[in-house]
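The values are calculated or read from the model by the stated rules, or taken from the named source; none is laboratory data. Since the structure is predicted, the reported quantities are computational estimates derived from the model, not experimental observations. Cβ: placed from backbone, ideal geometry, glycine included. Neighbour counts: every protein chain shown.
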Amino acid sequence: MPPPTAPSAATLSSSGQPIFHVRGLTKIYGTGETQVRALSGVDLDLGAGELVVLLGPSGSGKTTLLNQLGGLDLPTSGALRYRDIELTHATEEQLTLYRRRSVGFIFQFYNLIPSLTARENVALITEIAEHPLAPEVALEMVGLGARMDHFPAQLSGGEQQRVAIARAIAKRPAVLLCDEPTGALDVKTGIVVLEAIERVNRDLGTLTVIITHNAVMADMADRVIHFMDGHVVQERRNATRVAPSTLRW
């Protein structure tokens, strides 16, 4: 099936401005002696259609940043803007609307509803989205056209993760945030999942941010950002993107 026609993130951001503009972003948890500084003055721009890999050890700030970008948490200080929307001081209602309209999430664990088929799991999102893909189209995009009416228990781990990807992209999000999407999978299955994510980025023009501790994935990205102790310590742009099928770890 040919890829669906959808407004790409590049089209939606025709002004040339970054989708995300981050300056001095800081997140502190706790108080006093229990205080933990998860982010310490992060400066970052993320553009339309990019595939970005965030690398770093556990506790380096990757997931905290992803939570800020996804509107799951608010920063302690700094500026965080999504297009023309200032998220730094957004209300919970505003954040809910932002997440619903603009952001797709993929986590390490699939969080599918066991009593619903793959098609029905995806349809949960399409029923509340403004301009969704049909569940069938989203599942075709991740290579599950023949498994739409199977329940999660009838699917492998990689297939369940691809249902989760289909569910995330069905609302045509401008932003796809992936937190260790292959962390629970073997290498072969993980590559299939990365191929599905890469195809979504390519076909829909979705800004895609992948958190991983696996440095091998860096080669499939447009840009690689290294975190350590809440700071961006290194950033590089790849001259070319390597196909996920060539990755080995």
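Could you check the stretch 97-122 and list, in sequence order, the residues that are assigned to a helix (DSSP H, G or I) and either in contact (Cβ under 8 Å) with a residue 24 or more places away in the chain or aromatic (F, W, Y) (or both)? Selection gives Y98, R99, R100, R101, S102, A118, R119, N121, V122.
When M1 is tested against (1) in a loop (DSSP other than H, G, I, E, B); (2) modelled with pLDDT of 95 or more, just one condition goes unmet, and that condition is (2). Of the residues making up the stretch 99-132, just one is over 18 Å from A196 (Cα atoms), among the hydrophobic types (A, V, I, L, M, F, W, C), buried (at least 17 other Cβ atoms within 10 Å of the Cβ) and over 17 Å from the mean Cα position of the chain (by Cα), namely A123.
Tallying residues that are assigned to a helix (DSSP H, G or I) and either more than 19 Å from the chain's Cα centre (by Cα) or of a type in the set (D, E, K, R) (or both) within the stretch 136-153 yields 5.
Here's the yes/no breakdown for (1) under 12 Å from the mean Cα position of the chain (by Cα); (2) buried (at least 24 other Cβ atoms within 10 Å of the Cβ); (3) not in a loop (DSSP other than H, G, I, E, B):
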residue: Q161; (1), (2), (3): no, yes, yes
residue: I165; (1), (2), (3): yes, yes, yes
residue: P173; (1), (2), (3): yes, yes, no
residue: A184; (1), (2), (3): no, no, no
residue: T189; (1), (2), (3): no, no, yes
residue: V192; (1), (2), (3): no, no, yes
residue: E195; (1), (2), (3): no, no, yes
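For the stretch 133-153, which positions are within 13 Å of K171 (Cβ to Cβ) and surrounded by fewer than 19 Cβ atoms within 10 Å (Cβ to Cβ)? Matches in the stretch 133-153: A134 only. If you go through the stretch 42-77 and pick out every residue that is modelled with pLDDT under 95, acidic (D, E) and buried (at least 18 other Cβ atoms within 10 Å of the Cβ), you end up with 0.
For R199, the test of being in a loop (DSSP other than H, G, I, E, B) and either of a type in the set (K, R) or in contact with a Cys (Cβ under 6 Å, 6 or more places away or on another chain) (or both) is failed.
Just wondering, is there one or more residues in the stretch 164-176 that are under 11 Å from V52 (Cβ atoms) and modelled with pLDDT of 95 or more? Within the stretch 164-176, one or more residues are under 11 Å from V52 (Cβ atoms) and modelled with pLDDT of 95 or more.
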